[in-house]
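Following: one structure in structure tokens, then a few remarks.
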Amino acid sequence: MASVFVPLNSFKSVVATLTGESDEIYKTPIGVSTIVLSAQITNNSLTTQPVTILVTSNAELPVPNFEGIYATGSFTSASALIAENRQFIRKEVLAYTQFLNNLSDNAFVITASRFENYALTVVDALSYDIANNTTIRTNKAAKSFFTKYGASTIYDGEYSASIFAVQYVNTLAQQIIKNESVTGSINVDRIYQSAITQSFDSTYITTGSLLSGSLYLVNNLTNVILNTIQTPVFVTQPSVQLVSNATIPAADSLSPVVSGKLVLEQTYGFIVSGSPELSVILSLLESANE
């Protein structure tokens, strides 16, 4: 199917009369970013009229699910051990991924930085959240596997390898926070690289409830990331109120957008709600996305 031609730059004017409901006056086409050069809402009646203006992305974005996960404290020792082994996990995850890829019937050319970044994204999220009794970084990490439009950022052919990489971070972290060699786990047969070795630090105490609590959180927070990648739940991004019940005097107009200060990305909508006595004029500059 032929692709749709999008001019590099195109000036447009949109003129509309409101219906009394929420009217989507303009929706940015796919592959386009639009600068609102001006917006004018005119009151054609003999009485004051209110108007509300919303901007909506119309995008469905993944929402990580933390239901049933309870942070039971601040696990600073476990967090510190993970942080000390940040580079070890980074290199080990890459080497493990390369090992599995070499055994695959559908091997691909691995970009080292991409899989190292996957590892660091998860490691940094776990380290921060278990120390600070929060899920904020895990939430961000899970969403990082998607674009701002809700599309997966994982490259074609690399889906399984990406999942294995995230799972291996969890496997390594589970042993690291015990202050035990990762090869002491039944889940790790061997080390896949020798450039960086695992760090141990007896000054950090991770026993009893401190250990069980940190193990619980590391496992469950990693699973939130995995579940978001594998079975994402998408929710429409909420709209943003640009103007709320602003009043326009009789036979007057309102210009709520300072020239060039509002940019609508692809699929964004410009919605105006008001009386049928109100008319809208938008002056727009559409530019093709690179």
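Nothing in this text is a laboratory measurement; each read-out follows from the coordinates by a stated rule. This structure is a prediction, so every number in the text was calculated from the model and none was measured. Virtual Cβ from ideal backbone geometry, glycine too; neighbours counted across all protein chains shown.
Quick one: plug the Kirkwood hydrodynamic radius of the chain (C-alpha pairs) into Stokes-Einstein at 37 °C, 0.692 mPa s, and report D in µm²/s.
146 µm²/s
Quickly estimate the mean residue ellipticity at 222 nm for the chain, helices only: each DSSP H run with n ≥ 4 gives -39500 (n - 2.57), and the total goes over all residues, rounded to 500. Intermediate values should be presented prior to the final figure.
Details: 6 runs with 97 residues, N = 290.
So the calculated ellipticity at 222 nm is -11000 deg cm²/dmol.
For the stretch 59-98, with equal point scatterers placed on the C-alpha atoms only and solvent neglected, what are the log10 I(q)/I(0) values from the Debye formula at q = 0.14, 0.30 1/Å, to two decimals?
So the normalised log intensities are -0.63, -0.91.
How do 186-198, 218-230 rank on mean C-beta neighbours within 10 Å, highest first?
Values: 186-198: 13.0, 218-230: 19.7.
In decreasing order of mean packing, 186-198, 218-230 become 218-230, 186-198.
So, R0 is 41 Å and r is the distance between the beta-carbons of Asn132 and Thr19; what FRET efficiency does that work out to, to 0.05? Before the final figure, lay out each step's value.
On the way: r = 49 Å, r/R0 = 1.19.
Result of the calculation: an efficiency of 0.25.
Under the √(5λ) rule applied to the eigenvalues of the Cα gyration tensor, what semi-axes describe the equivalent ellipsoid of the stretch 61-174? Give them in Å, descending.
The three semi-axes for the stretch 61-174 are 25, 18, 11 Å.
Once the piece of chain linking Asn102 and Asn9 is laid out straight, how much longer is it, given 0.36 nm per residue of separation minus the C-alpha distance between them?
This chain segment gains 28.8 nm when fully extended.
Which helices, counted as full DSSP H runs in the chain, have an axial Cα extent of no less than 27 Å and a Kyte-Doolittle average of -1.0 or above?
Within the chain the helices that satisfy the rule are 112-132, 208-230.
Whole angstrom only: what separates the Cα centroid of the stretch 68-100 from the Cα centroid of the stretch 218-259?
Distance between centres, Cα-based: 33 Å.
With each label point set 7 Å from Cα along the Cα-Cβ vector, what nm distance links Ile30 and Gln193?
Using points 7 Å along Cα→Cβ, the separation is 3.8 nm.
Points 7 angstrom from Cα along the Cβ direction at Phe66 and Asn117: gap in nanometres?
Taking the simple label geometry, Phe66 and Asn117 are separated by 2.5 nm.
All other residues with a Cβ under 11 Å from the Cβ of Gly31 taken together, and with Lys, Arg as +1 and Asp, Glu as -1, what is their net charge?
-3
Using per-residue counts of other Cβ atoms within 10 Å, averaged over each peptide, order 101-113, 274-286 from highest down.
274-286, 101-113
Between Thr247 and Thr183, what is the spin-label point distance in nm, taking each point 7 Å from the Cα along the Cα→C-beta axis?
About 7.8 nm, to one decimal.
Do any trypsin sites (Lys or Arg not before Pro) in the stretch 98-158 lie in a DSSP loop with no more than 14 other beta carbon atoms within 10 Å, and if so, which?
Here the sparse-neighbourhood loop sites are Lys148.
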